[in-house]
Structure formats: C-alpha cells, structure tokens
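Down below is the structure, laid out as structure tokens.
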Amino acid sequence: MEEKYIYPFTDYGFARLFGSEANKDLLISLVNTLFKATGEPWVIVDLNYEDTASRGVYINPYKGRIDASCKTSTGENLIVEVQNIIKPFYKNRDDYFNSYPIMELVKRDDWNLDVQGIYMVGLLNCRLWACGYAEDDFCHTDTFNDIGANHPLFNKMRTIFLEVPKFQKTEAELETMFDKWMFVLKNLPRLQDRPAALQEPVFKKLFEQAEVANFSKNELYAYHDSIKNFRDINICFDTARAMAYTEERKRIARNLKADGMSNELIKEATGLTDKEISEL
C-alpha cells in the first residue's frame, strides 16, 4: 500500500516540509523545540532562507540541506542549518558547511567576525553505531571544547543531531513537543491519519502539506523521483556494507587457515562456504 504521507527523509519531502517560505513556521517550531530540549537560550521568532546556490554549493534545492538566517525574541541574529543526513562522514560535512557563514563575512571584507551563533541541526535517519552511544541516547550536542578544562572554547558554533530511529515512544507516551516532533519524523510515512496526540496547529499544517493526495502531477513526479534516488543511495550503502563484511570474514578465514585450522572449523567460525574457503 502506498504511503498516505511523504517520507520526510527524502530530499523532496524534506524540502517540501521545511524549505519554503510558506512552511517556515514548521521549521521554526522544529528548531525552537530542539533548542529547548538541549538547553539553548534562544527562541526564534522569524527566519529568512539563505541562497546556498550563491556559495557554489548545492545548486539543486532538493539536496537535504536548508540554511536560514534567524531572528530571536531578544534581537540576536543566528544562522541555522538543517540537514537531512543520510551520507557517511556527516561530521566532516557538518564542519565544512558550518564554516561558510564565517567565510561570507570575510568575503565582505568584514573582519569583525563576532557572529551571534551558528547552529547545525542534523536529522539522522540511521544509528551512529561506531560512536557507542546507548540505545536510549539519541539527542546529541557538539561544540569546540577545551579538553583539559572541559569548557567550551568557541561556543557560538554548535551542532545538534538526532538519531531518529532510536526514538521508541508510542503515541500514548507522547508528552512534550520534542516527543511529538520525534514521533512525526520517525513515523510519518507509516501513519494513515493524524494521531490524536498531535493536535497542535503546527502538526495540522504539517500533515496537510505531507499528504500525497494533495500533490499536483508535477509534485508527485518530483516526489517519486526523490524516493527512487533515496532508495538507490540506500541500496549502494547496503551493498558496500555487505561487501565489506564479506571481505572481513575472508580476512579472518585466511588467518585461521594460515594457523592450520581445519576448513570445517573455519566454516563454522566465519560462515563462509567450502568453495569460498578453498579459493582463499
């Protein structure tokens, strides 16, 4: 059965929900919710989308990255970048793109680089297995720290990233806006109606924007193309992981074989077939 609502981790779904002037209230709500959940002092009251194409990066608007210049309730100006992250080495990409706002100041020959704040919000549709985070630890913040003093060295550039698949609360357990946003990000394409727990106006609008039946013909084509690209990328990653796993098993088998272990025991230890072992 085809989904009633779009998958927000496709480039098109992400841009439709959070990347347009008409839907900037959705992005404001999401970022303010994350700021509150992570103890940041800011409350965004308005934002303007930045033209990232002028920087020579991400000319295609459906590439899972949104830049916004934000005004807070107390008058500060923040730069917020939101990324739909499905690519490896996400932290390297994060640091690279976070440097662009400062580089823009330099280009304007303005060496007073006292920026109010630069935040990158990363929405991950995968688990960070290599980082060793606990299964119930899915919301992370990152900044430049003095390791010895355990004190922020430069606290105006921060990253907030979420391992969305780790969120496990059911609809009946949703209490805060943070819970509700996490539930929507994880479960939107599996839902058939807006849950009773999500009655806030921002979620009413989000579900209206996300309903595939409301798409024009061209919008539907764009979404289906984005779904195809998303699945192709995931298949490539899965294939690469499977190949790496197979090569690692062969490496172990070679070592065991060199140590004189029998093929039968090697097969039991690695799961390789007799033919694969004999060809090593």
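The values are calculated or read from the model by the stated rules, or taken from the named source; none is laboratory data. What you are looking at is a predicted structure, and each value in this text was computed from that prediction instead of being measured. Virtual Cβ from ideal backbone geometry, glycine too; neighbours counted across all protein chains shown.
Key figures
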item	result
Residue match in segment 239-250 (condition: in a helix (DSSP H, G or I) and at pLDDT 80 or above)	yes
Residue 249 vs. criteria exposed (fewer than 14 other Cβ atoms within 10 Å of the Cβ), of a type in the set (Lys, Arg) and without any contact (Cβ under 8 Å) to a residue 60 or more places away in the chain	no
Residue in segment 196-215 that is closer than 19 Å to residue 20 by Cβ, basic (Lys, Arg) and surrounded by fewer than 14 Cβ atoms within 10 Å (Cβ to Cβ) present	yes
